[in-house]
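Chemist: Structure incoming, see below.
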């Protein structure tokens, strides 16, 4: 079987260079181009690229994707900065290129994506739920984007299941002790030297608790998700938002993420 | 709306008496009978029972269920001791009573059932997986039945996804350090004063880990699952094995448990 | 060897009745009296009580202790409501009764006391420290008293070791995400159905973290500490505040690292 | 105040080069030499070295230390391969060089050392104790050396406190489920892709558990311990084995519980 021909755009960045190495190391993939900001996009077509991985910058990504989609190159996009408008632009290009697919994902860690899926599935079954996220002590925002998103998904699943808002028993105490309120779900942010990125979702019901914990110990945790996306995107024409849609073999994937534009 | 008329058989046992109290406390359920071994089964029909909860003994359960199914009473069964033959007998009775349903479940803890479901869903995505179960220091068997079952489900999901057996790097060490081997999944059993029943499933991939942990802190953890089953079984004619089939609103429920006789 | 003669005051309360049973079950202790509010204190002297355990009410405890100390009965006190003034009153009585001892303790859980000790010992060695306490969803105050006290002890130990205040990297986010500030130590309070009382102290340094976690799964966790206090208080004349003073073999033992060649 | 003059031997190795960088970055230390196997030891004396850090190889370390001690240079030694005989040889050299100190330590992670200290302190207070160590999936030995050592220290502390052997309730099950037996303490070894080095000590008593967990997320976790040793060894003449002897403020501090009125 011939190998899938893959290019990495942004190959000099930390994640981009690691992605290039990972593609190179995969038996079923062929790294045919590894370009950065000063290289012409034509390198991609000259190399016969089938799938391009974009790990660049919000300023560059749309131009890169217009070129790729225009030339029938499937795209896997980890670059940030997506808005509804930007997604609509990309969807327009894809509609004009039937058979070409693009996956845009805010998080390529399979563990993080599964954590969100499981949290959504568990949400309706428990009276109580809180989120604790723990990160290194250089992180400027609290809560993390992933924790905020997780709490929102949980809150939506509770609402959909007809669960009432959870009751906070606290009548007196110190400000902040009960965390931040994200759609009624308390979220606690720990900042600790030595950590990287970690998240716990705690569910509590009568006599029992269920905890889903994700630990990111190295930024290489994005690689398996990127490779999975590279292998899957050729058979997923159009725009897909969120890696969860590519975890299709999992029993839950079918009706997965409630907000992804896919299929809309 | 009229309340569902529920009876508990084995109402003097520890779990049975708690189940009776839980039914009584539920707004939508009416406890119409609470009988034990010396009470006639006709009490159930005289009381107009719609659903009977059997929490008795392997010696008594089949007789109880023959009576219930024969009289069109749906059954929720937590009594243990089921074999393939016994399930076949029960299925035969149910086929002769169209519209009547019976749920037999080895575990009514929703947290435990979700842990197994999530473990199955995650299994295909990670190179490594091990199970740690932790129980009080009076438990005679190791590993626990739940941990063994969880490991088997994980192993089956890995096989189904075409994953090779996981590699044990250990070349020297002490006997037992690497746990028990259940279909290729290491299972470790901790016995500790002060604990009740706890289980952790640890998945490891490149740069990240995913942990699913279930803590049973009180035997009341079975009650929400029993009540869920009571409410669901009237609309699930025939035999259902495993509470996971009633967690239908969860995205994963459809193709849930790989071994349940339901639908067979 | 003759058994120590022990009485329980408040023997009809939940903790008191359990304490009476625990004393009765101990081979080296003799339960000679178990009284409650309507019983005369003279029962204690008539029974030849050597140690009285007071598990009553702030309104009753001072009267009980005046009687005990006045009759040379050692006291172990779990009743709450102590102030500096009340402790001074008790100390005065004890000074007039040389050889008589009283232990007043806010927490008889050995695990909770060790957690605080270890947290103090570790505090000076790590850049970062945060506390997470997790309780059942009926708890009205947040943070818990134990967590507040733990954070204060950690802060004091850091100050004593000359550590600067820890830096919070958060520049933007949601109110409450970073927890309550107790003397510069962030404290997070989780409230979850199914939990009892749990606490985690997380320390972070370059490349590593150290976590000390205490789980109270049943209120019987106070019993070993109460029995330890009963056995120790006869040889500890005067007032002792805090069970940690009776865990004297712990810290001492650490210095005698059994195999280090140092000083040999 | 003048800076302490420090040399690193083995400065081209992974740990050695990181140690050199850490010394260079410390305000109170001056990196005066960074040598490797081809450099003459005289570089150390010519540079006016006060403390040498040896991170080399068992074949080289004794020669390096003979030179250092012979020239009054204090030594901090992370190189492995120490036997009773080798330690005796080193002790002999130190006796001939009064005022010169050497610290040999099997582990420079402060978190690992504290974990062992706390485990020893807690051991006498709990009925049950087990150790779980978790490492990356390339580790060849199981259990880890640190876990074995921790279990031995716990067993010794239990014996010293007169505790009987803990009872294993297991009467039937699978081989290996209950872990390896290290002096009566069960030790479980988990091997998982994505992990580095982690250890949990679990203590269980009536109604409660105490868990001490150490996570090594990066090999830089050795640096704070190495710097601590460099700063302390000049005032610790003779041979010291184990970093725990330099954590002297820890255990002492615990006795001074800041608010107890005892002894006031």
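Just so you know, all these numbers are worked out from the coordinates, no wet-lab data involved. Note that this is a predicted model, so its numbers are computed, not measured. Here the Cβ is made from the backbone with ideal geometry for all residues, glycine too, and neighbour counts use every protein chain on show.
Chemist: Would you please classify the overall shape of region A:36-134 from the alpha carbon gyration tensor, given that a ≥ b ≥ c denote the square roots of the eigenvalues, rounded means a/c under 1.5, and beyond that prolate means a/b larger than b/c while oblate covers the rest?
Modeler: prolate
Chemist: So how far apart, in nm, are the two label points at residue A:141 and residue A:36 if each is 7 Å from Cα heading toward Cβ?
Modeler: 2.6 nm
Chemist: Once a ≥ b ≥ c are taken as the square roots of the eigenvalues of the Cα gyration tensor of the protein assembly as shown, is the result rounded (a/c under 1.5), prolate (a/b larger than b/c) or oblate (a/b not larger than b/c)?
Modeler: Cα axes put the protein assembly as shown in the oblate bin.
Chemist: When each copy gets a label point 7 Å from Cα toward the beta-carbon at residue A:234, what are the spacings between them in nm, shortest first?
Modeler: Going from nearest to farthest copy, the values are 5.5, 6.6, 8.4 nm.
Chemist: Between copies, how far does the label point of residue B:88 sit from its twins, in nm, shortest first, when each point is 7 Å from Cα along Cα→Cβ?
Modeler: 6.3, 7.3, 8.4
Chemist: In whole angstrom, how far apart do the alpha carbon centroids of region C:17-31 and region D:112-161 sit?
Modeler: What the calculation gives is 33 Å, centre to centre.
Chemist: Right, next: For helix D:14-25, what angle does its Cα long axis make with the longest principal axis of chain D, in degrees from 0 to 90 and rounded to 10?
Modeler: 70 degrees
Chemist: Please list A:185-192, D:74-81, B:3-10 highest first by mean number of surrounding beta-carbon atoms within 10 Å per residue.
Modeler: Answer by packing, highest mean first, reads A:185-192, B:3-10, D:74-81.
Chemist: To one decimal in nm, how far is residue A:24 from the same spot in the other copies, if labels go 7 Å from Cα toward Cβ? Please give the shortest first.
Modeler: Residue A:24 label point versus its equivalents elsewhere: 2.7, 7.3, 7.6 nm.
Chemist: Do the sum for chain B: with -39,500 (n - 2.57) for every DSSP H run of n ≥ 4, divided by all residues, what is the mean residue ellipticity at 222 nm, to the nearest 500 deg cm²/dmol?
Modeler: Result for chain B: -9500 deg cm²/dmol, rounded to the nearest 500.
Chemist: Moving on. Give the percent of DSSP beta bridges with both residues in region B:49-204 that are antiparallel, rounded to the nearest 5.
Modeler: So the antiparallel bridges amount to about 50 percent of the total.
Chemist: Please give the FRET efficiency for residue A:183 paired with residue C:12, using the beta carbon to beta carbon distance and R0 = 51 Å, rounded to the nearest 0.05.
Modeler: Rounded to the nearest 0.05, the efficiency is 0.65.
Chemist: Where does helix B:145-160 land angle-wise versus the long Cα axis of chain B, in degrees 0 to 90, nearest 10?
Modeler: The angle comes out at about 60 degrees.
Chemist: Any chance you could give the angle, 0 to 90 degrees and rounded to 10, that helix D:110-123 forms with the longest Cα principal axis of chain D?
Modeler: 40 degrees
Chemist: State the percent of C-alpha pairs, over all pairs in chain C, separated by a distance greater than 26 angstrom.
Modeler: 49 percent
Chemist: Of all DSSP beta bridges located in region B:128-228, what percent are antiparallel, nearest 5?
Modeler: Just about 80 percent of them are antiparallel.
Chemist: What relative contact order, as a whole-number percentage, does chain A give when Cα pairs under 8 Å and 6 or more residues apart are counted?
Modeler: After rounding, I find 21 percent.
Chemist: Answer rounded, prolate or oblate for region D:105-181, using the Cα gyration tensor with square roots of eigenvalues a ≥ b ≥ c: rounded when a/c is under 1.5, else prolate when a/b is larger than b/c, else oblate.
Modeler: Oblate, since a/c reaches 1.5 and b/c is not below a/b.
Chemist: For the pair residue C:27/residue D:66, report the inter-label distance in nm, with labels modelled 7 Å from Cα in the Cβ direction.
Modeler: It works out to 5.7 nm between the two label points.
Chemist: For the pair residue A:219 and residue B:165, what calculated FRET efficiency results from E = 1/(1 + (r/R0)^6), where r is the Cβ-Cβ distance and R0 = 25 Å, to the nearest 0.05?
Modeler: The formula returns an efficiency of 0.30 here.
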